[in-house]
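The structure appears right after this line, and notes come after that.
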Amino acid sequence: MLLINCPYCGERPEPEFVYGGQAHIARPTDPRACSDQQWADYLYLRDNVKGVHNERWRHTHGCGRFFNALRDTTTDRFLATYEVGHEPPATLKGAHS
Amino acid sequence: MQRFSGLTLLRRGLSGQRGWQPQWRRAEPKPSYDAIIVGGGGHGLGAAYYLAKEHGLRRIAVVEKGWIGGGNTGRNTTIIRSNYLFDESAALYDHSVKLWETLSQELNYNVMFSQRGVMMLAHTVHDVQVSKRHIYANRANGVDNEWLSPDEARRICPLLKVDDIRFPVMGAAFQARGGTARHDAVAWGFARAADALGVDIIENCEVTGFLRDSNGAVAGIETSRGVIRAPRIGVSAAGHTSVLLRMVDVRMPLESYPLQALVSEPVKPIFPCVVMSNTIHAYISQSDKGEMVIGAGTDAYTSYTQRGGLHISRHALEAICELFPMFRRLRMMRAWGGIVDVTPDRSPIIAKTPVPGLYVNCGWGTGGFKATPGAANLLAWTIAHDDPHPINAPFTIERFRDGELIDEAAAAAVAH
Ligand SMILES: Cc1cc2nc3c(=O)[nH]c(=O)nc-3n(C[C@H](O)[C@H](O)[C@H](O)COP(=O)(O)OP(=O)(O)OC[C@H]3O[C@@H](n4cnc5c(N)ncnc54)[C@H](O)[C@@H]3O)c2cc1C
Ligand SMILES: [Zn+2]
């Protein structure tokens, strides 16, 4: 079980959270202008990184808020959690893949 | 290849088990082959076997970064069934069940395929309706599956508690041709038979890149043991498929999650079939060694760690103790995880890739052991013909772009 540091509430056990998949994927602003491939990329293609992964979590059974995290998928260790709408911490940005 | 028979077993038994030969050679990589399979699980070893056996290729290598069968092949709960909802899936999984039925003879290796029946419990009105829909669809496709009342389910599996539990059993779907097989034996049997046809099985050899020719077609692999050339390469690397395809700039519709299983201390034969419950999430059968083999769920998040959270396996054990109260006193011996490659529609991909000469078999997620001979057989066909067989033709990468999903995810919610 992971200990996850909600940026709003602090460290809480994993069952309080819901995983939200890869972070920083923006819905195309005009879906009708997308090709089928672009739309499929948005819906279905993920980086599935082996290494540092940018991802979303939601503190469902706590403050209820979404936030972002950087986690190493080879160890499950969190490198950082940060608020939605922000970029990952500058020192870790090189790892953003 | 030293063939096995009752007589050879008896003779070696009486002479102190001396004189057995290794079952496959420890091959060194050659500079080039006609075809390379990346991944020495059951699917990859089987593909090499069928390429040699049915398509006449002789210079074939299987490259495996660890030891053969050390991936999901050796980590799964070995449930085999073919009662999937959609026509495409029924054809694919039943192709595999038919191959299972003769696999031990085909390979001259006892894979311990046991058609003891798979019972899938229904606990809610919705479950009952979905199960019956599956049964009717399966019958229309010539796949056996029948509805059992709670009493009939208990007659087959007397240990099952159907009432006085949090989610009473309202009935079950039962596929009598389903069952289990010995996972290691499947890897070893394919390895031995492929080796006998000249296939090189190269362990401790990690693929780190692909060579491309001037037209962009694949021309070989870079590995921890040097460059190996081949004009045709099949990737059968389960949870690591995205990582490998990334090396040729192809993004896959896959996410990799840890999936766990546990086994108990061995007990006398008490459990006659496989029982699965998708709703309260638990899977159980008894191995021929006597251990109760229990499958848990996936973790919520993507990971490559080959271990899962304790709360996930605890959840499965709670469901097992509810359905089979006598197992409350069983001690668990081992627990482990494997990394499963999940597609958005929970159906696999056996297809050509955008890179000429590169083929992929993946996306089997939590349920590809049952498909081992079938998927291997179809990957071999696809590589040999540079075109899919009609059975795997719908299972492309492009189905996500074209909106032609084979949505077993919506049909079953979980798929083992
Ligand atoms: C706990 C658990 C329970 C399961 N239960 C069931 C079940 O009851 N029924 C069912 O049908 N399915 C089940 N599955 C799913 C099933 O195990 C898999 O779908 C199936 O075994 C996949 O076989 P494979 O040969 O494709 O993969 P694997 O056996 O994982 O083989 C892939 C191989 O590729 C190798 N590889 C990866 N990257 C590289 C590289 N760069 N270079 C060289 N080699 C590489 C790996 O080391 C590995 O050996 C379960 C899985 C798990 C984890
Ligand atoms: Zn919070």
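For segment A:50-60, the candidate set comprises residues that are in contact with a helix residue (DSSP H, G or I) (Cβ under 8 Å, 6 or more places away or on another chain) and at negative phi; within that set, the residue that is surrounded by the fewest Cβ atoms within 10 Å (Cβ to Cβ) is A:60.
Does segment A:5-42 hold any residues that are within 16 Å of ligand 2 (Cβ to nearest atom), touching a residue at least 24 places away in the same chain (Cβ under 8 Å) and within 10 Å of chain B (Cβ to nearest Cβ), and which are they? Listed by number, the residues that qualify are A:15, A:17, A:18, A:19, A:20. Scanning segment B:59-69 for residues that are surrounded by fewer than 24 Cβ atoms within 10 Å (Cβ to Cβ) and either within 16 Å of ligand 2 (Cβ to nearest atom) or under 11 Å from residue B:204 (Cα atoms) (or both) turns up B:65, B:66, B:67. When residue A:61 is tested against the conditions (1) more than 8 Å from every other protein chain (Cβ to nearest Cβ); (2) in contact (Cβ under 8 Å) with a residue 40 or more places away in the chain; (3) under 15 Å from the mean Cα position of the chain (by Cα), the lone failure is (3).
Out of everything in segment B:108-132 that is among the aliphatic types (A, V, I, L, M) and surrounded by fewer than 21 Cβ atoms within 10 Å (Cβ to Cβ), what residue ends up being nearest to the chain's Cα centre (by Cα)? Out of the qualifying residues, it is B:112. Cβ separations smaller than 6 Å between residues 6+ apart or across chains give the following pairs from segment A:43-56 residues that are facing another protein chain (nearest Cβ under 7 Å) and within 12 Å of residue B:303 (Cα to Cα) to residues that are part of a strand (DSSP E or B) and acidic (Asp, Glu): A:48/B:255.
Looking only at residues in segment A:71-85 that are polar (S, T, N, Q) and at the interface with another protein chain (Cβ under 10 Å from one of its Cβ atoms), which one is farthest from residue A:9 (Cα to Cα)? Can you show your working first?
Start the filter on segment A:71-85 by keeping residues that are polar (S, T, N, Q), which leaves A:73-75, A:81.
Cutting the leftovers down to at the interface with another protein chain (Cβ under 10 Å from one of its Cβ atoms) gives us A:73-75.
Working: A:73: 24, A:74: 26, A:75: 24 Å.
In this case the residue turns out to be A:74.
Those helices (runs of 4 or more DSSP H) of segment B:299-416 in which 3 or more residues are closer than 30 Å to residue B:106 by Cβ occupy B:372-385. Residue B:319 - would you say it is away from chain A (no Cβ under 11 Å), within 16 Å of residue B:342 (Cβ to Cβ), surrounded by 18 or more Cβ atoms within 10 Å (Cβ to Cβ) and modelled with pLDDT of 95 or more? Considered against the rule, which asks whether it is away from chain A (no Cβ under 11 Å), within 16 Å of residue B:342 (Cβ to Cβ), surrounded by 18 or more Cβ atoms within 10 Å (Cβ to Cβ) and modelled with pLDDT of 95 or more, residue B:319 comes out as no. State whether the residues of segment B:14-28 include one that is touching a Gly at 6+ places or on another chain (Cβ under 7 Å) and more than 16 Å from ligand 2 (Cβ to nearest atom). Taking every residue of segment B:14-28 in turn, none turns out to be touching a Gly at 6+ places or on another chain (Cβ under 7 Å) and more than 16 Å from ligand 2 (Cβ to nearest atom).
Consider segment A:33-58. How many of its residues are of a type outside the set (S, T, N, Q) and either in a strand (DSSP E or B) or modelled with pLDDT under 95 (or both)? Walk me through it before giving the result.
From segment A:33-58, those of a type outside the set (S, T, N, Q) are A:33-34, A:36, A:39-47, A:49-53, A:55-58; that's our starting set.
Subsequent filtering for residues that are either in a strand (DSSP E or B) or modelled with pLDDT under 95 (or both) retains A:52-53, A:55-58.
Final tally of qualifying residues: 6.
Is segment B:83-96 home to any residue that is within 15 Å of residue B:189 (Cα to Cα), away from every other protein chain (no Cβ under 14 Å), within 14 Å of ligand 1 (Cβ to nearest atom) and not in a loop (DSSP other than H, G, I, E, B)? No, there is no match, as no residue in segment B:83-96 is within 15 Å of residue B:189 (Cα to Cα), away from every other protein chain (no Cβ under 14 Å), within 14 Å of ligand 1 (Cβ to nearest atom) and not in a loop (DSSP other than H, G, I, E, B). For segment B:201-246, a residue qualifies if it is within 14 Å of ligand 1 (Cβ to nearest atom), in a strand (DSSP E or B), over 20 Å from the mean Cα position of the chain (by Cα) and not aliphatic (A, V, I, L, M), and the qualifying residues are B:208, B:209, B:210, B:220, B:222, B:223, B:226.
The values are calculated or read from the model by the stated rules, or taken from the named source; none is laboratory data. Keep in mind that what you see is a predicted model, and the values were worked out from it rather than measured. Heads up, the Cβs are rebuilt from the backbone with ideal geometry, glycines too, and the neighbour counts pull from every protein chain shown.
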